[in-house]
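The values are calculated or read from the model by the stated rules, or taken from the named source; none is laboratory data. The model shown is predicted, which means the values in this text are computed figures rather than measured ones. Quick reminder, even Gly has a Cβ in these numbers, built from the backbone with ideal geometry, and neighbours come from all protein chains shown. Only protein heavy atoms, including side chains, enter the accessible area calculation; ligands, DNA and RNA are left aside. Shrake-Rupley method; radii C 1.70, N 1.55, O 1.52, S 1.80 Å.
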Amino acid sequence: MTKPFILENVTVVNYDGLTEHRNVTIEGAQIATITENNENGTGIDCTGYYCLPGFIDMHIHGADGVDTMDATTASLHQFAAALVAEGTTGFLATTMTQSEEAIEAALRNIATFEQEVGEANLLGVHLEGPFISAHCAGAQPIQHIQSPSIEKYQRWHELSGHKIKQMTIAPEEGMELVHYAKELGVIVSIGHSNASAKEAKEAVAQGVTQGTHLYNQMRAMHHREPGVVGTVLLERDVYVEMIVDFIHIHPEMVDLAYRLKGPEKIILITDAMRAKGLAYGKYDLGGQEVNVTEKGAHLANGALAGSILKMNDALRNMQQATGATWQELVQMSSFNAAKQLGLSQKGYIAAGKDADLVIVNENLQVQYTIVNGKIAYSA
């Protein structure tokens with residue numbers, strides 16, 4: 001039996017409250033108690049630190065030199081192990097627009113993946129492409145873009161072991177798949193889309209509940225045509241992913257989205273690629289050369305090719321741009337994602353919930369990351 005341990009004298013932060021000077025006791029993979037007084041166990045002094053629900057990154061392609069599309073078990077283990085240093089305890093391994101053979105290899109690999117101690121939880125797949133618009137391809141290779149197909153999606157859902165949890169789609173290219181995926185319980189996210197506001201609203205009516213990397217590779221807002229950007233900002237029930245690295249989105253546009261959507265409908269993501277955590281230089285993304293500098297990750301044509309953002313930095317940037325409270329940062333980094341994914345045991349700190357936690361200092365520097373009740377990272 002695993003010996004319980006205690007996080008002593010820590011400030012516990014949930015989306016709906018903040019409580020100072022608490023002791024969090026962890027037994028097995030769950031939170032056992034949250035009390036004012038110490039109990040028997042191995043204590044970790046967390047004076048001056050904040051205990052947050054572990055971050056959930058719903059849109060991330062890779063890190064530490066590896067990528068979901070490598071389609072190898074070793075890459076997935078390296079991927080999952082790298083994320084705990086930034087406080088991420090759960091993620092969706094995100095695919096990209098590639099050949100059917102490459103996509104299917106990645107899905108088969110994820111279907112059989114078994115997490116090891118010290119790794120973030122692989123919560124499923126985010127299928128980004130190939131059912132997108134060539135007008136908004138960005139770093140998604142145009143030659144592999146396809147029209148939405150229920151038949152192909154059915155096949156891929158089976159190959160993944162039913163692990164596709166989110167799909168980014170340009171709904172104007174085929175609304176039938178939006179409705180079908182919604183019926184399966186998959187999060188349907190509008191992205192890489194050139195839809196008009198009318199088409200985007202129809203997609204929301206059919207089952208779109210999220211917008212992929214807000215502002216980026218979606219029809220922009222115009223005063224005579226709200227486009228996808230205007231629609232997802234105005235539709236109250238639609239969540240928006242945001243890459244808050246101040247490269248993908250200007251700080252004032254971050255603040256605009258925060259004021260319009262509120263922390264209740266924002267999901268912080270990284271959309272990171274394999275260069276995250278490594279030195280600047282040239283890297284690969286789906287067979288394309290990406291040049292990574294202090295100005296971000298770009299293809300030769302200047303298009304942004306994901307990011308090298310870390311989740312704890314995303315929170316820090318969000319706080320800087322908007323003045324968001326600790327509780328709001330929790331909502332945008334874990335609670336909303338857990339709610340979208342239907343993970344009632346995650347994204348909230350309480351007795352009986354999963355012990356997926358991150359301990360940070362006042363500057364959001366990660367001190368400890370706890371996954372499934374075990375310390376996966378220590379500064």
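The residues in the range 83-110 that are open to solvent by 30 Å² or more (accessible area, probe 1.4 Å) and touching a strand residue (DSSP E or B) at 6+ places or on another chain (Cβ under 9 Å) can be counted, and the count is 1.
Among the residues making up the range 57-76, those that are closer than 27 Å to residue 357 by Cβ, in contact with a Ser or Thr (Cβ under 7 Å, 6 or more places away or on another chain) and outside any loop (DSSP other than H, G, I, E, B) are 57, 59, 60, 62, 66, 68. Being β-branched (Val, Ile, Thr), part of a strand (DSSP E or B) and under 24 Å from residue 315 (Cα atoms) is a description that does not apply to residue 44.
Here's the yes/no breakdown for (1) over 20 Å from residue 239 (Cα atoms); (2) among the β-branched types (Val, Ile, Thr); (3) in contact (Cβ under 8 Å) with a residue 24 or more places away in the chain:
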{"residue": "322", "(1), (2), (3)": "no, yes, yes"}
{"residue": "328", "(1), (2), (3)": "no, no, yes"}
{"residue": "339", "(1), (2), (3)": "no, no, no"}
{"residue": "347", "(1), (2), (3)": "no, no, yes"}
{"residue": "350", "(1), (2), (3)": "yes, no, yes"}
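So which residues in the range 139-184 are touching a residue at least 40 places away in the same chain (Cβ under 8 Å) and within 23 Å of residue 198 (Cβ to Cβ), if there are any at all? Result: 145, 167, 168, 173, 174, 177. Selection over the range 75-106 of residues that are among the acidic types (Asp, Glu) and within 24 Å of residue 370 (Cβ to Cβ) gives a count of 1.
So, residue 294, is that one over 23 Å from residue 135 (Cβ atoms), charged (D, E, K, R), surrounded by fewer than 16 Cβ atoms within 10 Å (Cβ to Cβ) and without any contact (Cβ under 8 Å) to a residue 40 or more places away in the chain or not?
yes
Checked against (1) open to solvent by less than 30 Å² (accessible area, probe 1.4 Å); (2) closer than 20 Å to residue 331 by Cβ, residue 275 passes all but a single condition, namely (2).
Scanning the range 340-356 turns up no residue that is of a type outside the set (Phe, Trp, Tyr), open to solvent by 30 Å² or more (accessible area, probe 1.4 Å) and touching a Pro at 6+ places or on another chain (Cβ under 6 Å). The number of residues in the range 111-138 that are without any contact (Cβ under 8 Å) to a residue 40 or more places away in the chain, over 17 Å from residue 76 (Cβ atoms) and open to solvent by 10 Å² or more (accessible area, probe 1.4 Å) comes to 1. Filtered by the rule that a residue be acidic (Asp, Glu) and touching a Lys or Arg at 6+ places or on another chain (Cβ under 8 Å), the range 50-103 gives 64, 67, 86, 100. Looking only at residues in the range 1-19 that are open to solvent by 80 Å² or more (accessible area, probe 1.4 Å) and modelled with pLDDT under 95, which one is farthest from residue 324 (Cα to Cα)? Restricting to residues being open to solvent by 80 Å² or more (accessible area, probe 1.4 Å) and modelled with pLDDT under 95, the top hit is 1. Beta carbons closer than 7 Å, at least 6 apart along the sequence or on distinct chains, pair a first residue in the range 363-379 that is under 17 Å from residue 116 (Cβ atoms) with a second that is assigned to a strand (DSSP E or B) and of a type in the set (Gly, Ala, Ser) for 369/376; 370/376.
Condition check ((1) in contact with a Ser or Thr (Cβ under 8 Å, 6 or more places away or on another chain); (2) modelled with pLDDT of 95 or more; (3) closer than 21 Å to residue 214 by Cα) across all residues:
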site	(1), (2), (3)
264	no, yes, yes
286	yes, no, no
305	no, no, yes
319	no, yes, yes
347	yes, yes, no
